[in-house]
1. Could you give the length gained on full extension between E18 and Q61, defined as 0.36 nm per residue of separation minus the Cα-Cα distance, in nm?
2. If I fit a long axis through the Cα atoms of helix 21-30 and take the longest principal axis of the Cα atoms of the chain, what angle between them do I get, 0 to 90°, rounded to 10?
3. Roughly speaking, to the nearest percent, how much of the chain's 1.4 Å accessible area is carbon and sulfur?
4. Gaussian network model of the chain, Cα springs within a sub-10 Å range: biggest mean-square fluctuation belongs to which of N31, N48, N60?
5. At 7 Å along the Cα-to-beta-carbon direction for both A127 and E32, put a label point, then send me their distance in nm to one decimal.
6. Just the number please: accessible area per residue for the chain, 1.4 Å probe, all protein chains included, in Å².
7. Enter the angle in degrees (range 0 to 90, nearest 10) between the Cα long axis of helix 36-85 and the first principal axis of the Cα atoms of the chain, meaning the one along which they spread out most.
8. Can you tell me the dipole magnitude for the chain around its Cα centre, using point charges on the Cβ only (Lys, Arg +1; Asp, Glu -1), in Debye to the nearest 20?
Amino acid sequence: MVARINPHEQRCPDFASEAFAEARASLREDNEELDDAAAVMMLTQAWNVTNRAERVAWDNQARELDQDEAQRARAGEEGREREAEGRPQGERVEGDEMRKNRLKYIDIPMRPPPTLPIEIPSRYATAKL
């Protein structure tokens, strides 16, 4: 995506200034009845038409970005739901397969890992108890 300037924040340039003298001169060459004021008016109108089109394109692009963002959020929520379920969407587990490989389909609880070491007594200690 190319970063652009927001057309809603742009202001019409002063076409009567010296910076646009060449543009006014080229308009007067095409139409000899045109004076500077009419050339400035034509340039201003052309800028306004172009700016309106850019504003519409800007608004459409912003709307599409919002829709894409909302769609990504929905997809993320659906992915989290599928992860919570434990199986990918559309996959069904057969009863025999689940009985044969119980450890493969066991639910894993969502909790933080233990912070203290687990103390398991040795076989000798358990035999003495």
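1. Once the chain is fully extended between E18 and Q61, it gains 12.0 nm.
2. 60
3. Summing carbon and sulfur atoms, their accessible area is 52 percent of the total for the chain.
4. Result: N31 has the largest fluctuation of those listed.
5. Simple spin-label model gives 12.1 nm for this pair.
6. Accessible area per residue: 92 Å².
7. 10
8. 1880
The values are calculated or read from the model by the stated rules, or taken from the named source; none is laboratory data. Remember, it's a predicted structure, so these values are computed and weren't measured experimentally. As a convention, Cβ positions derive from the backbone with ideal geometry for all residues, glycine included, and neighbour counts pool all protein chains shown. We work out accessible area using only protein heavy atoms, side chains counted, and drop any ligands, DNA or RNA first. Shrake-Rupley method; radii C 1.70, N 1.55, O 1.52, S 1.80 Å.
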